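The next block holds one structure in the form of structure tokens; read it before the comments.
The values are calculated or read from the model by the stated rules, or taken from the named source; none is laboratory data. Quantities reported herein were computed from a predicted structural model and do not represent experimental measurements. Counting neighbours? That spans all protein chains shown, and the Cβs are built from the backbone with ideal geometry, glycine included.
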Amino acid sequence: MQSLTAALAARKQQQLYRVRQTLQGAQGTEVRIDGRVYLSFCSNDYLGLAGDPRLVEALKEGADRFGVGSGAAHLVSGHSYAHQALEDDLAAFTGRPRVLLFSTGYMANLGVVSALVDRHGQVFEDRLNHASLVDAAVLSRARLVRYPHNDMVRLQSKLSAAGKGTRLVASDGVFSMDGDCAPVAELARLATEQDAWLLVDDAHGLGVLGEQGRGWFLDQLPAVPDNALLMATLGKGLGTFGAFVAGSEALIETLIQQARTFIYTTAPPPAIAWASRTALQLVREGDHLRTRLQERVQYFRAGARELGLPLMVSGTPIQPLLVGDAGAALRLSECLRARGLLVTAIRPPTVPEGTARLRITLSAAHETVQIDRLLDSLAACLEGDSLAAR
Ligand SMILES: *Cc1c(COP(=O)(O)O)cnc(C)c1O
């Protein structure tokens, strides 16, 4: 017990301690915490759908029809019409032969990688991949090989040097903490050439990028080869909860037989799947939301550039400001908070050492006056901090 307390104290000392904020109402551009309303720039609810009344209505209808708990795993008796209908909708939406729902994106990544690769295989991952993809490789017991961010030359040389056994390349589609995108077409070409699987995690692309919001993966790879798998989540752009994998008939059947995070867990509440069907419909018809979101991104970037803020190379709603030092990132986040703005400081180990940042995310629901307020506050806080540091 002593050592836990000491480790926690050390973590605080290093400015790496994390705490939760308790939201008193719905997710949105304005959230209430401890009775105070904050302007929020840190959710992944990019289209502003999480609190949409049409989704709330669909969830209620789903609960009326299907109850609350699914009561069992999918393979026992927990697979409901709501789940099946959502899988069918997602297959039609992605244009892939079949789709399999998972409870979360984290579980989907663990399930896919460990179903396809065993301890004789190798998993190749971008240095900046999401933690769930890294954990997936560890769980599979395959050899984990990391390559420098988006470096296709290095990936190619590592792939061609690889030994026998199944090989799988895994990459974020849109990198969650940086907002830039993976060269999906090039990844697919390399994977195909090397007879490897490719798994692209489009958690931050689905709903946000591409025609009808189909995401970065399908935008870059209109003709998907069967060795390329799409994983995407429903808890971000779609505003609901859950995740899915899309692929060939044989792939999905294999996952049903072998993906342990699919088999040994209770199916998610069917009403959530029911609400996700409505969310998918809103995403499909959501060109106006995506246009508005892109306008907000450009508006923020232009303002930040004018202020000389340390923008990163990102055209997506993830617009981090690179700070470097964890303590400085935390101070900036706290200064914004004192001014009524919520922006999280992202620190190691979520991002590499020395690259702590403010992860600003924009939503189609943000008004430009709210972005003005963010820019003004950023300027004031940075000014104050550099004065204090002198
Ligand atoms: C959020 C996220 C996940 C996990 O998805 P959940 O449904 O929240 O478990 C996986 N991959 C990436 C890139 C993510 O950003």
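Can you find, within the range 159-198, the residue that is farthest from the ligand (Cβ to nearest atom) among those that are among the charged types (D, E, K, R) and either part of a loop (DSSP other than H, G, I, E, B) or not assigned by TED's automatic domain parsing to the domain that holds GLY121 (or both)? Before the answer, list the steps.
Going residue by residue through the range 159-198, those that are among the charged types (D, E, K, R) are 164, 167, 172, 178, 180, 186, 189, 193, 195.
After this cut, where a residue has to be either part of a loop (DSSP other than H, G, I, E, B) or not assigned by TED's automatic domain parsing to the domain that holds GLY121 (or both) as well, the list is 164, 178, 180, 195.
Working: LYS164: 29, ASP178: 11, ASP180: 13, ASP195: 25 Å.
The extreme case among them is LYS164.
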Fill in the blank from the handout: Taking the range 261-272 and the residues there that are closer than 22 Å to SER140 by Cα and within 16 Å of the ligand (Cβ to nearest atom), the one that is surrounded by the most Cβ atoms within 10 Å (Cβ to Cβ) would be PHE262
Fill in the blank from the handout: Listed by first then second residue, the pairs whose first member lies in the range 294-314 and is assigned by TED's automatic domain parsing to the domain that holds ILE360, whose partner is β-branched (Val, Ile, Thr), with beta carbons under 6 Å and at least 6 positions apart or on separate chains, are TYR299/THR368; TYR299/ILE371; PHE300/ILE371
Practice task
Would you tally the residues in the range 127-145 being within 16 Å of the ligand (Cβ to nearest atom) and farther than 22 Å from THR254 by Cα?
Solution key: 5
Handout entry: Number of the condition not met by ALA91 [criteria: (1) under 20 Å from ALA279 (Cβ atoms); (2) without any contact (Cβ under 8 Å) to a residue 60 or more places away in the chain]
Key = (2)
Problem - Condition broken by GLU285, with the remaining ones in (1) of a type in the set (D, E, K, R); (2) over 19 Å from the mean Cα position of the chain (by Cα); (3) surrounded by 20 or more Cβ atoms within 10 Å (Cβ to Cβ) satisfied - result: (3)
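I'd like to check something: does the range 224-243 contain any residue that is free of Cβ contacts under 8 Å to residues at least 12 places away in the same chain and either under 25 Å from HIS74 (Cα atoms) or touching a Leu at 6+ places or on another chain (Cβ under 9 Å) (or both)?
No.
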Problem - Close pairs (8 angstrom Cβ cut-off, 6 or more residues apart or separate chains): modelled with pLDDT of 95 or more in the range 193-214, of a type in the set (Asp, Glu) and crowded, with 24+ Cβ neighbours inside 10 Å anywhere - result: VAL200/ASP172; ASP201/ASP172; ALA203/ASP172; HIS204/ASP172
Handout entry: Long-range neighbours under 6 Å by Cβ, at least six apart or interchain, first residue without any contact (Cβ under 8 Å) to a residue 60 or more places away in the chain and at negative phi within the range 326-340, second among the polar types (S, T, N, Q) and part of a helix (DSSP H, G or I)
Key = LEU336/SER377; ARG339/SER377
Practice task
Look through TYR17, TYR38 and report the one residue that is farther than 27 Å from VAL208 by Cα, within 27 Å of the chain's Cα centre (by Cα) and not hydrophobic (A, V, I, L, M, F, W, C).
Solution key: TYR17
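Tell me the helices (runs of 4 or more DSSP H) entirely within the range 22-126 that contain at least 1 residues that are within 16 Å of the ligand (Cβ to nearest atom) and over 28 Å from GLN370 (Cβ atoms). Don't jump to the end; show me each part of the working.
Numbers: elements: 53-66, 81-94, 105-116.
Passing ranges, in order: 81-94, 105-116.
Among the residues of the range 217-251, which ones are among the aromatic types (Phe, Trp, Tyr) and either modelled with pLDDT under 95 or within 11 Å of the ligand (Cβ to nearest atom) (or both)?
Within the range 217-251, the subset among the aromatic types (Phe, Trp, Tyr) is 217, 241, 244.
Correct list: PHE241, PHE244.
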Exercise for the section: Can you run down the residue pairs with Cβ atoms below 9 Å, 6 or more apart or on separate chains, where the first is in the range 155-171 and at pLDDT below 95 and the partner is aliphatic (A, V, I, L, M) and surrounded by 13 or more Cβ atoms within 10 Å (Cβ to Cβ)? Expected result: ALA162/VAL145; ALA162/ALA196; GLY165/VAL117; GLY165/ALA142
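Counting only residues that are polar (S, T, N, Q) and either at positive phi or in contact with a Leu (Cβ under 6 Å, 6 or more places away or on another chain) (or both), how many does the range 33-62 have?
Taking the range 33-62 and keeping what is polar (S, T, N, Q), we get 40, 43-44.
Adding the requirement that they be either at positive phi or in contact with a Leu (Cβ under 6 Å, 6 or more places away or on another chain) (or both) leaves 40.
So the count comes out to 1.
Here's the yes/no breakdown for (1) surrounded by 16 or more Cβ atoms within 10 Å (Cβ to Cβ); (2) closer than 20 Å to TYR46 by Cα; (3) out of contact with any helix residue (DSSP H, G or I) (no Cβ under 6 Å at 6 or more places or on another chain):
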| site | (1), (2), (3) |
| --- | --- |
| PRO222 | no, no, yes |
| PRO225 | no, no, no |
| LEU229 | yes, no, yes |
| SER276 | yes, yes, no |
| ARG305 | no, no, yes |
Handout entry: Check on THR265, among the polar types (S, T, N, Q) and in the same structural domain as VAL113 (by TED's automatic domain parsing)
Key = yes
Practice task
Check the range 23-33 and report whether any residue there is surrounded by fewer than 13 Cβ atoms within 10 Å (Cβ to Cβ) and under 29 Å from ALA329 (Cα atoms).
Solution key: yes
Exercise for the section: Answer yes if at least one residue in the range 360-368 is surrounded by fewer than 22 Cβ atoms within 10 Å (Cβ to Cβ) and under 25 Å from the mean Cα position of the chain (by Cα), and no otherwise. Expected result: yes
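Would you say GLY324 is surrounded by fewer than 17 Cβ atoms within 10 Å (Cβ to Cβ), more than 24 Å from GLY207 (Cα to Cα) and not assigned by TED's automatic domain parsing to the domain that holds CYS181? Show your work before the answer.
On the way: surrounded by fewer than 17 Cβ atoms within 10 Å (Cβ to Cβ): yes; more than 24 Å from GLY207 (Cα to Cα): yes; not assigned by TED's automatic domain parsing to the domain that holds CYS181: yes.
Judged against the criteria, GLY324 is a match.
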